[in-house]
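K.L.:
Questions regarding the structure given below will be posed in turn.
The values are calculated or read from the model by the stated rules, or taken from the named source; none is laboratory data. Note that the structure is a prediction, hence the values are computed from the model and not measured. Glycine also receives a Cβ, built like all others from the backbone with ideal geometry; neighbour counts cover every protein chain displayed. Areas reflect the complete protein model, heavy atoms only, side chains present, ligands, DNA and RNA absent. Shrake-Rupley method; radii C 1.70, N 1.55, O 1.52, S 1.80 Å.
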Amino acid sequence: MANVVLVTGVSRLLGGLVARELARREDVGRVIGIDVVPPRRDLSPMEFVRADIRNPVIAKIVDRYGVDTVVHAGVIATPVAAGGRSSQKEINVIGTMQLLAACQKSETVQRLVVKSTGAIYGAAAADPAAFVETHAPTRHPEVGFARDSIEVEGYVRGLARRRPDLEVSVLRLANVVGPTISTALTDYFSLPVLPVPLGYDGRLQFLHEQDAVASIVHAAVGDRAQIVGVTNVAGDGVITVAQAGRFVRRPLLPVPLGSEGLWVRGYHLSGMAELHSGTFKQLAYGRVLDTDRMRTVLGFEPRWTTREAFRSFAATAGLTLPGVDLAGSGLRRLRTTTSAMGLGSDVTTTPGGRG
Amino acid sequence: MSDAAPTPRHRPRPVVVPMTPSRLEVPSQPGDVEQLEAVEQLEDTTSTTSGGVEDGLEDVVDALVDVLRATARLAGLSGEQLEEQVAATLGFLTRRVSGDYEVDLFGFDADFTEHVYLPLVRPLYRRWFRVDVTGIEHIPAEGGALIVSNHSGTMPWDSLMTLVAVHDEHPQRRHLRMLGADLVFRTPILADLSRKVGTTVAATYDAEQLLGRGEIVGVWPEGFKGVGKPFSERYRLQRFGRGGFVSAALRAGVPIIPCSVVGAEEIHPMLGNAGAIAKLLGFPYFPLTPTFPWLGLLGAVPLPTKWTIEFGAPIPTDGYPQGAAEDPMLVMDLTDQVRETIQQTLHQMLMRRRSVFLG
């Protein structure tokens with residue numbers, strides 16, 4: 001199993017890490033990584049092939065290397081990464097169609113793993129607290145990436161129907177965070193002040209970048225019975241937007257839910273962040289994936305909880321709240337004075353306290 | 001920091017205790033044991049929170065403790081109670097400021113509910129509506145149950161009071177997890193508050209997950225038809241939805257506890273409904289009462305009626321064969337049974353009642 005693995009989108013963080021991780025495994029033979037631009041980091045022992053999945057040449061690559069496992073990690077989330085929305089859509093949709101066409105024709109391919117996203121569920125007031133995999137995708141996806149992913153999943157379902165012998169695994173990942181990955185949401189949480197929808201405190205759920213990689217690798221090499229089907233992948237638990245703001249130590253600025261467009265455009269024009277329109281809905285109504293299937297069928301356990309994953313991002317997000325530090329030093333001076341006057345009690349002598 | 005390192009899911013959270021130089025400089029003062037106990041409580045809460053909280057924030061809180069304490073001493077106050085209060089309040093504030101509190105999948109924030117919300121609505125429960133509760137023993141000490149109640153009063157004060165009743169009167173101080181209409185979650189502020197105190201969308205998934213986790217779940221199947229009914233129809237139950245709550249209880253095998261609330265139906269006597277305004281504002285109805293909207297916000301103060309909440313004998317759902325939840329006949333029958341029980345109990349309670357305001 002998994003003698004020759006083809007990984008798409010290796011020049012981007014997750015695709016690249018998945019390819020490197022697979023290439024380093026002993027139960028995996030060769031790993032062919034493809035992308036339109038060469039990866040910037042060293043992914044050896046992966047073999048890089050410069051190719052565009054929008055081009056039918058992809059079928060020749062699949063044939064020439066005798067690929068048996070295809071990992072499609074090449075669906076691009078942000079228009080900027082693809083050089084504009086129209087090219088993003090083309091890579092995502094046309095690229096996937098070419099890749100799947102190649103899989104369908106191939107006699108060697110046995111398994112297809114597709115990285116999808118929880119964003120396809122959307123976020124709305126009437127939604128259940130968590131989405132199970134059978135929940136229909138939102139009918140009005142505002143994010144281009146979510147729209148693309150819904151289409152991609154549709155084509156993947158078509159392929160699975162036409163080639164029932166293929167082992168097809170679709171992973172719907174929660175928002176991926178971590179020390180290195182950069183997404184629309186990490187951009188958002190790196191802003192000095194966070195505009196949040198007034199009167200809401202949505203539930204957020206995260207997946208650590210290393211867990212994201214591990215889950216895709218797991219689907220590429222795991223048992224057939226486990227990996228076939230659509231599975232949500234997310235870290236345990238939820239945190240609210242207010243908590244996330246505290247963890248990154250940014251002040252929250254409550255603004256009307258309807259003002260999202262202004263903020264998205266404003267941050268885009270100022271070059272501060274590329275936010276998705278639709279982010280505010282997620283921040284207001286929350287989006288949580290039910291991970292029962294991930295545990296019971298896929299047999300995957302994330303190592304980071306939602307909170308741990310977000311805090312590992314927050315630790316690198318850096319910037320501190322100036323107000324807190326100022327107030328801190330001021331009060332510290334005041335405390336030194338009070339304890340010098342013999343008024344303040346001594347916190348450090350508490351038995352069993354810190355130290 | 002502990003959060004950067006992966007920790008297995010079920011291991012207790014590591015307590016990382018950063019030591020700031022300012023703390024080391026302070027010389028130790030032995031003695032004052034009573035005070036130290038209170039401090040220790042606070043320390044417990046703060047030290048478990050200190051995982052990722054950085055020094056600046058901790059110093060603010062630590063310094064605040066000292067300043068408060070010093071102020072109290074200057075004011076001539078001392079003693080355990082004051083210290084405990086200081087510790088509890090600061091513990092809560094520390095958790096809020098550092099974000100170190102837990103919300104569950106549904107957004108329920110027990111810390112907030114217990115420390116902010118319940119203390120705020122409790123005076124209304126005790127002094128304004130003077131709620132009497134009977135049959136609290138019908139709510140199990142552990143495990144799931146579905147409380148089904150009548151809904152009335154123009155503003156849904158009855159669900160809030162039932163929440164307080166279940167928490168305050170039950171020996172196990174259980175939290176009532178309520179199922180609400182999606183309008184609630186579309187409305188700013190209400191959406192945030194409702195999730196924090198344990199309300200979630202009345203969806204099949206939510207009901208089954210909550211019951212499966214052994215929670216006490218509350219539903220008001222009349223919905224807006226009940227809350228927004230005219231005064232002339234008080235204590236007359238409206239249609240009970242489609243019986244989705246019964247299917248959920250059947251699937252989870254938990255008992256249904258009929259709950260009858262008397263007193264809530266008179267708090268805002270709804271004499272008319274300004275449909276046009278309601279449509280404009282996107283509300284299901286716009287009430288016209290003797291005081292609202294004529295007296296403005298003052299008119300929105302509920303009348304101080306005397307309330308009685310009666311939890312009835314549980315209706316078991318675990319004796320049915322597999323797949324009973326998919327049997328529409330059975331579901332409709334059970335729905336009717338629950339509705340009839342509540343309606344009859346309401347009549348009996350009304351017969352016993354002498355006065356709307358005195359009970």
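K.L.:
Mind listing the phi-derived Karplus ³J(HN,Hα) values for the stretch A:127-137, rounded to whole Hz, using 6.51, -1.76 and 1.60 with θ = phi - 60°, and x for any glycine or proline?
P.N.:
6, x, 4, 9, 9, 8, 4, 7, 5, 5, x
K.L.:
In addition: When we measure straight from the Cα of A:Lys60, which lysines land under 16 angstrom away, once same-chain ones fewer than 8 places off are left out?
P.N.:
Cross-link targets: A:Lys105.
K.L.:
Using the Karplus curve 6.51 cos²θ - 1.76 cosθ + 1.60 with θ = phi - 60°, work out ³J(HN,Hα) for each residue of the stretch B:155-160 in order, rounded to whole Hz, and write x for Gly and Pro.
P.N.:
Result, ordered by residue: 10, x, 5, 5, 5, 5 Hz.
K.L.:
Can I ask one more? Under a cut-off of 22 Å between alpha-carbon atoms, report the lysines in cross-link reach of B:Lys306, not counting same-chain residues fewer than 8 places apart.
P.N.:
Leaving aside lysines fewer than 8 places away in the same chain, those within reach of B:Lys306 are B:Lys229.
K.L.:
Now a separate question. Starting from the residue with the highest accessible area, list A:Ser11, A:Ser86 in decreasing order, probe 1.4 Å. Working shown, then result.
P.N.:
Details: A:Ser11 20, A:Ser86 95 Å².
Listed by decreasing accessible area, they come as A:Ser86, A:Ser11.
K.L.:
Sorting B:Asp336, B:Asp168 by accessible area (1.4 Å probe), largest first, what list results? Each step should come with its number before you reach the end.
P.N.:
Values: B:Asp336 90, B:Asp168 25 Å².
If we order B:Asp336, B:Asp168 from most to least accessible, we get B:Asp336, B:Asp168.
K.L.:
Related question: On a 0 to 90° scale, report how tilted helix A:13-24 is relative to the longest principal axis of chain A, with both axes built from alpha carbons and the result rounded to the nearest 10.
P.N.:
So the helix axis and the longest Cα principal axis differ by about 60 degrees.
K.L.:
Which value in deg cm²/dmol, rounded to the nearest 500, describes the helix-derived mean residue ellipticity at 222 nm for chain A, given -39,500 (n - 2.57) per DSSP H run of n ≥ 4 and division by the residue count?
P.N.:
Details: 14 runs with 140 residues, N = 355.
After summing the helix terms and dividing by the residues of chain A, the value is -11500 deg cm²/dmol.
K.L.:
Quote the charge dipole size of chain A about the Cα centre in Debye, to the nearest 20; the model charges only the Cβ of Lys and Arg (+1) and of Asp and Glu (-1).
P.N.:
Working: 40 positive and 33 negative charges, 99 e Å.
Approximately 480 debye in magnitude.
K.L.:
I need the phi-derived Karplus couplings for the stretch B:339-347: 6.51 cos²θ - 1.76 cosθ + 1.60, θ = phi - 60°, integer Hz, Gly and Pro marked x.
P.N.:
Result, rounded to whole Hz: 4, 4, 4, 5, 4, 5, 4, 4, 4.
K.L.:
If we sort A:68-80, A:31-43 on the protection proxy, mean other Cβ atoms within 10 Å, highest first, what's the order? It would help to have the intermediate numbers written out before the result.
P.N.:
Details: A:68-80: 22.8, A:31-43: 18.1.
By packing density, highest mean first, the sequence is A:68-80, A:31-43.
K.L.:
Using a 1.4 Å probe on the protein heavy atoms only, what accessible surface does B:Thr154 show? Give it in Å² to the nearest 10.
P.N.:
Accessible area of B:Thr154: about 10 Å².
K.L.:
Let me ask something else. Which lysines have a Cα lying under 18 Å from the Cα of B:Lys225, excluding residues fewer than 8 positions away in the same chain?
P.N.:
The qualifying lysines are B:Lys279.
K.L.:
Right, something else. Helix A:209-221 against the longest principal axis of chain A: what's the angle in degrees, Cα atoms only, rounded to the nearest 10?
P.N.:
The two axes meet at around 20 degrees.
K.L.:
If you don't mind, there's one more thing I want to ask. Among bridges DSSP assigns within the stretch B:117-256, what percent are antiparallel (round to 5)?
P.N.:
Working: 0 of 11 bridges.
Among the beta bridges of the stretch B:117-256, antiparallel pairing accounts for roughly 0 percent.
K.L.:
Compute the signed sum of charges (Lys and Arg +1, Asp and Glu -1) over the other residues within less than 15 Å, Cβ to Cβ, of B:Arg354. Mind showing how you got there, number by number?
P.N.:
On the way: positive: B:Arg130, B:Lys306, B:Arg352, B:Arg353; negative: B:Asp132, B:Glu266.
Taking every Cβ under 15 Å from that of B:Arg354, the sum is +2.
K.L.:
Just to be sure I understand the curve: with the Debye formula and one point per C-alpha of chain A, what is log10 I(q)/I(0) at q = 0.07 Å⁻¹?
P.N.:
Treating every Cα as an identical point scatterer, log10 I(q)/I(0) equals -0.34.
K.L.:
Note down the relative contact order for the stretch B:149-242 as a percent, whole number, built from C-alpha pairs under 8 angstrom at least six residues apart.
P.N.:
On the way: 110 pairs, mean separation 34.4, N = 94.
With pairs under 8 Å counted, the relative contact order is 37 percent.
K.L.:
Something else about it: Show the residues, 5+ positions off or on another chain, whose built amide H is closer than 5 Å to the amide H of A:Thr240.
P.N.:
HN-HN under 5 Å from A:Thr240: A:Leu204.
K.L.:
Enter the accessible area of B:Leu193 (Å², nearest 10), with the probe set to 1.4 Å and all protein chains included.
P.N.:
Approximately 70 Å² for this residue.
K.L.:
Using amide H atoms built in the peptide plane, which far-off residues or other-chain residues are under 5 Å from A:Val132 H to H?
P.N.:
A:Asp290
K.L.:
Given H placed on each backbone N at 1.01 Å, which residues far from A:Val71 in sequence or on other chains put an amide H within less than 5 Å of it?
P.N.:
HN-HN under 5 Å from A:Val71: A:Leu6, A:Val7, A:Thr8, A:Val113.
K.L.:
Students sometimes get this wrong: rank A:Glu142, B:Glu222 by accessible area, probe 1.4 Å, all chains present, largest first.
P.N.:
Numbers: A:Glu142 75, B:Glu222 0 Å².
Of A:Glu142, B:Glu222, the descending order of accessible area is A:Glu142, B:Glu222.
K.L.:
Compute the long axis of helix A:144-162 from its Cα atoms, compare it with the longest principal axis of the Cα atoms of chain A, and write down the angle in degrees, 0 to 90, nearest 10.
P.N.:
Result, in degrees: 30.
K.L.:
Given axes a ≥ b ≥ c from the Cα gyration tensor, I'd like to know whether the protein assembly as shown is rounded (a/c under 1.5), prolate (a/b larger than b/c) or oblate. Display every interim value, and only then the final one.
P.N.:
Details: a/c = 2.06, a/b = 1.27, b/c = 1.62.
The shape class here is oblate.
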